[in-house]
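Report on the following structure.
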Amino acid sequence: MQDRTVVVTGSTSGIGAALAAAFAAAGANVVLNGFGDAAEIETTRRGLAQRHGVEVLYHGADMTLPEEISDLIVETERRFGAVDVLVNNAGIQHTDRIEDFPPEKWDALIAINLSAVFHGTAAVLPGMRRRGWGRIVNIASNHGFGGGVNKCAYVAAKHAVLGLTKVTALETAGSGITCNAICPGWVKTPLVDRQIETRAVRDGLDIAEATWRLLIEQQPSGRFTTFDQLAAAALFLCGDGAANLTGSSITQDGGWTAL
Ligand code: NAD
């Protein structure tokens, strides 16, 4: 990944933070994005740059706002001359039955988990086409393939991301650009910790039991997908071995979608 520039949206936490660190370790310059404590983000940014001898920037674009997404890409191109890899990772979750789902939560979730993928992709494609090389990696979900009770907005957004991944692949086929999705099952991040806590309270369980039940109900391996496994998939998609792999989804869900 040397001399490549990678933007990872939503990389101040969880999967995005792990992917950003993996790209930096592979020699890429990285742009971090997401919310969080400014001092902690700066410590992460500086640490990655020093450890791996690469440049790491932070851009605080709010992924609900198209003009800020555009600024994230324009600023990265101004600073590094290119966005070679865009990882559309930023995402949120909200659970409620459809009739109780607050419309503002629906709007926010669709904006971050779906529309931001469109805006980011539209912003990077002109430069990628000029250079004849680019990689777009969309972090979708096993919920891109199947439903989930109380997850209407998330499931709708992730299904749509898989559709957008295919259209992006078709429109860029043969141009040196590829677009693929990674579909994790359960990964131990703050987004899932909140769901485990909700389940523990609802069912009167301790956290260990709630975690086990969450896993075994849907993820046949009974194991979380790890950050290292997701990073390996993302790096593979950006390597020469995946040059003709486009429009696909890599499931890393311990067999969930095979059920
Ligand atoms: P997380 O909560 O740990 O991290 C989410 C990141 O998105 C954070 O950096 C946060 O600051 C950022 N973010 C949220 N709203 C934002 C906004 N408006 N603008 C910019 N950044 C914003 O979550 P995670 O579990 O690491 O999830 C990352 C992606 O992986 C999401 O798209 C999620 O749907 C997907 N995913 C997660 C799991 C899982 O089990 N954790 C499974 C499948 C898919």
Any hit, the stretch 220-228, residues being at pLDDT 95 or above, in a helix (DSSP H, G or I) and within 18 Å of the chain's Cα centre (by Cα) | yes
Residue count, the stretch 233-243, condition free of Cβ contacts under 8 Å to residues at least 60 places away in the same chain and open to solvent by 30 Å² or more (accessible area, probe 1.4 Å), comes to 3
Screening 137, 85 for residues that are over 26 Å from residue 256 (Cβ atoms) and buried (at least 16 other Cβ atoms within 10 Å of the Cβ) leaves only 85
Taking the stretch 169-191 and keeping residues open to solvent by 10 Å² or more (accessible area, probe 1.4 Å) and either of a type in the set (Phe, Trp, Tyr) or part of a helix (DSSP H, G or I) (or both) leaves 170, 171, 186, 190, 191
Checking 142, 138, 150 in turn, the sole residue that is more than 10 Å from the ligand (Cβ to nearest atom) and touching a residue at least 24 places away in the same chain (Cβ under 8 Å) turns out to be 150
Margin query: If I filter the stretch 168-186 for residues that are touching a helix residue (DSSP H, G or I) at 6+ places or on another chain (Cβ under 9 Å), within 19 Å of residue 91 (Cβ to Cβ), within 10 Å of the ligand (Cβ to nearest atom) and free of Cβ contacts under 8 Å to residues at least 40 places away in the same chain, do I get at least one hit?
Written below: no
Per the list (1) touching a Lys or Arg at 6+ places or on another chain (Cβ under 9 Å); (2) in a helix (DSSP H, G or I); (3) within 12 Å of the ligand (Cβ to nearest atom), residue check on residue 199 breaks on (3)
Within the stretch 23-48, residues more than 21 Å from the chain's Cα centre (by Cα) and surrounded by 15 or more Cβ atoms within 10 Å (Cβ to Cβ) come out as none
Those residues of the stretch 197-223 that are over 20 Å from residue 256 (Cα atoms) and touching a residue at least 12 places away in the same chain (Cβ under 8 Å) come to a total of 2
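The values are calculated or read from the model by the stated rules, or taken from the named source; none is laboratory data. Predicted, not measured: the structure shown is a model, and the values here were computed from it. Note that each Cβ is placed from the backbone with ideal geometry, even for glycine, and that neighbours are counted across all protein chains shown. The protein model used for the area step is the full one, side chains on, heavy atoms only, and it has no ligands, DNA or RNA in it. Shrake-Rupley method; radii C 1.70, N 1.55, O 1.52, S 1.80 Å.
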